[in-house]
1. Please go through the range 210-241 and pick out each residue that is basic (Lys, Arg) and assigned to a helix (DSSP H, G or I).
2. Does residue 86 qualify as being over 30 Å from residue 271 (Cβ atoms) and at pLDDT 85 or above?
3. List every residue pair whose Cβ atoms lie under 9 Å apart, where the two residues are 6 or more positions apart in sequence or sit on different chains, the first residue falls within the range 153-167 and is farther than 15 Å from residue 359 by Cβ, and the second residue, located anywhere, is among the polar types (S, T, N, Q) and surrounded by fewer than 24 Cβ atoms within 10 Å (Cβ to Cβ).
4. Residues that are over 30 Å from residue 266 (Cβ atoms), at least 2 per element: which helices (runs of 4 or more DSSP H) completely within the range 362-435 meet that?
5. For the range 107-192, list the helices (runs of 4 or more DSSP H) that sit wholly inside it and hold at least 1 residues that are in contact with a Ser or Thr (Cβ under 7 Å, 6 or more places away or on another chain); which are they?
6. Kindly list, by first and then second residue, each pair from a residue in the range 322-339 that is assigned to a loop (DSSP other than H, G, I, E, B) to a residue that is among the aromatic types (Phe, Trp, Tyr), limited to pairs with Cβ atoms under 6 Å and residues at least 6 apart or on different chains.
7. Take the residues in the range 95-123 that are β-branched (Val, Ile, Thr) and crowded, with 20+ Cβ neighbours inside 10 Å, then tell me which one is farthest from residue 32 (Cα to Cα).
Amino acid sequence: MEHAARPVTVSDAEARKVAFGAFVGTALEWYDFFLFGTAASLVFNRLYFASNDPVVATSGAFASFAVGFLARPVGAVLFGHLGDRIGRRKCLIITVAMIGFVTGAIGLLPDFFSIGVAAPILLTLLRLLQGVAVGGEWGGAVTLAVEHAPKERRGRYAVMPQIGSPIGTLLSSGAFAAVALLPDESFDAWGWRLPFLAAFPLLAIAVWIRRRVEESPLFEQLLAEDELAGSPVRDVLVGAWRQLLVGAASTFLGVGGFYLITTFVISYGTEHLGMAKSTLLNATLVAAAVEIVVLVIGGRLAERYGPGRITLIGGLAAAVVAFPAFWLIDTTDSLLVILGVTAAVACLSIPYAVSGPLLADLFPAKLRYSGIALSANIAAIVSGFMPLLATASLTLSGGKSWTPALLLIVIALITASAGVLAPRLSLSTDEVVSK
């Protein structure tokens, strides 16, 4: 008998505490992960993948960036299984500690000019470990937040881990914007390392907060009633593969589209348009600030209209704004560039805001950690290659932006279609009610 026939009761205070804990840990995770993307555009192409051909150097840096996404499904499988077997909370403490240590280690890594080819190899290995940790982090954070939230208020609590993404962007872009003010020699010698080394003290804060968060009441009920799945990953792949594919499509725009309009645009603006890196970093900062507002509003709208409908609207909006956004970026005017990046990020953030409740409804509690983690990270495999693919597409268009704009439209329409299909495939029957 499905355990969800008996609702679990939690207090709003506990739901808020858990959501905040999920937010803090996820903000650190994305800070660490996004640092690599920014550094790939500004540092790693020159200091770790040094080449006389800037396209080759940038492609090498973006390839190492993409490796982190290839590793994320490994983390999803590993921590998804453990999260559905031993608990969500334990896995989240491991993932946040793991990524913090790895990111700090990148800040200590000698460059190509010091240790030769070992530098890009070690950098890529550290990126792999980053990917494994992130692969288990986001799915667990969303699962924990959702399973402490009353069903009618899932939107506002499940969006908290999502807000960790723009906060991570603000912190990482802000940190790089600050060190970018240094003279070029100082920036290359040691300045770029400071944002990575900051991961160590941030890690201590995140672990302390995560340790104070209670385990999911739905998981504890499953454990008490001996209803844990024996092989949750296999059960998702065999019995819920339709939900898995739709879940992956629903997250594609929020991940792949985001990296296309941030990581790729930073490289495109500096390498092809001759823009100052500070202008593009500022555009990313403004967009991240606006994204927070969009996420909060989107979470509330999901409670009223349903996450599927909001996902559809966001996907269509991003498709409509794709070409105008790149036209604005191509002007190289600072204000118009900021407007273009911000408009695109705002639209793609609409479906990202409701990923938590949408994915939670696709999977029952005993498979939820695995289902959510696998969904997000299947999309991440392709998403990690978006900057590289967009860069390659410029050769087809003679350096013009219509090819990456078209790529953004394709991603947006895939996510929009998921918004239509998701409500028809729900497997969730569990319920959390407020005390």
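1. 210, 211, 234
2. When the stated conditions are applied, residue 86 passes them.
3. Here the result reads 153/434, each pair linking the range 153-167 to a residue that is among the polar types (S, T, N, Q) and surrounded by fewer than 24 Cβ atoms within 10 Å (Cβ to Cβ).
4. Of the helices (runs of 4 or more DSSP H) lying wholly inside the range 362-435, those with at least 2 residues that are over 30 Å from residue 266 (Cβ atoms) span 368-383, 402-421.
5. By residue number, 118-146, 154-179.
6. Matching pairs, first to second residue: none at all.
7. Restricting to residues being β-branched (Val, Ile, Thr) and crowded, with 20+ Cβ neighbours inside 10 Å, the top hit is 95.
Quick grid of which residues meet (1) modelled with pLDDT of 95 or more; (2) of a type in the set (Gly, Ala, Ser):
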residue	(1), (2)
347	yes, no
355	no, yes
359	no, no
362	no, no
365	no, yes
370	no, yes
376	no, yes
383	no, yes
391	no, no
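The values are calculated or read from the model by the stated rules, or taken from the named source; none is laboratory data. No experiment lies behind these values; they were computed from the predicted model shown. Cβ sites come from the backbone with ideal geometry, for glycine too, and all protein chains shown count toward neighbours.
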